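The values are calculated or read from the model by the stated rules, or taken from the named source; none is laboratory data. The structure presented is a predicted model; accordingly, all values stated were derived computationally and were not measured. Because the Cβ atoms are built from the backbone with ideal geometry, glycine has one as well, and the counts that use them run over all protein chains shown.
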């Protein structure tokens, strides 16, 4: 999906069909630049898959908002305007990202190659960054007692746990008759269940689940509808109203509701507040997410290429986001002035942009996209599919001799028949 689709007339070009090739959003592996397989003479052993500029643009803009939100958090105590912006952005930036993840998980099944990609693109980075974050906190925060626990995700790694669980359950959501109501019921039950605990951050996994399931249920026509001119125009007053409501409620409401990491009882509210807030926030998040998608450019932009590296930026910027607190960067009074807040916002956007660039992706690919062929058994069905797709050309060192032997055996059989 590296090439954008050209718009036609006032409406943008149609989105790709429901069988869009991308399977790994937000996994950073780019489908448009397949790696050369070991033992082959040409890197083009697979057909080049195009990326849709719209989704890459949306992922990049969403991850920029994530970084801005993290930068605004220390400013919310002294600025009501910063608190209002913070609440509005937190209403939709992760839901938008999760919805896209669900949309591109529609083709996921238990096929061995997809399971391997889930392990190497989600589970392994989780282990690496969970350990790295814990060691970083020990050093930067002078906290030698910080534990290293794979059962208790720290800071940003919760998303990898959630994505792993969500994608594994994709076949279930594709099989049930009413997937979204069921996911909402699970989220509501989680919001009133304080006994769930912190293991694997299951509160977030369950409370954000409806957005992933919504993505699974969406079709290209839904995104096309959100790009209609009337939706784009209507989104402006909707965003303005959301900011006004957030500014009014900022002193009265805790922003912890937007994290979806605690039950209602843990937030000091009655149990029924969890039911109301879960359903209300889901509705508000979907409305603002639709407004956000309405303004995402469809054509290829200067930042489109960065959409393939959003998971890199997401995980790497966590070190700076937490380090800024550990090192007292927000303790200076000038940072809490309007000029300082604007500067902090610009720095956050610049840093996350740099961390999504291809050079950074190449540098940290060992942690984000490890090959790990040594860890998996070869699957006969996958070898057959590869042979069919490449017309007999081997695509991996382990299958080279087998695929060369196949046409030789067929030729020998034909000679015997002719004799």
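A quick yes/no check of all residues on (1) closer than 19 Å to residue 107 by Cα; (2) at pLDDT 90 or above:
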{"residue": "150", "(1), (2)": "no, no"}
{"residue": "161", "(1), (2)": "no, yes"}
{"residue": "165", "(1), (2)": "yes, yes"}
{"residue": "181", "(1), (2)": "no, yes"}
{"residue": "194", "(1), (2)": "no, yes"}
{"residue": "223", "(1), (2)": "yes, yes"}
Going through 276, 233 one at a time, which residue ends up being under 25 Å from residue 98 (Cβ atoms), in a helix (DSSP H, G or I) and more than 26 Å from the chain's Cα centre (by Cα)? 276
Hey, does the range 304-322 have a residue that's surrounded by fewer than 17 Cβ atoms within 10 Å (Cβ to Cβ), more than 19 Å from the chain's Cα centre (by Cα) and assigned by TED's automatic domain parsing to the domain that holds residue 101? no
So is residue 143 touching a helix residue (DSSP H, G or I) at 6+ places or on another chain (Cβ under 6 Å), surrounded by fewer than 20 Cβ atoms within 10 Å (Cβ to Cβ) and part of a helix (DSSP H, G or I) or not? no
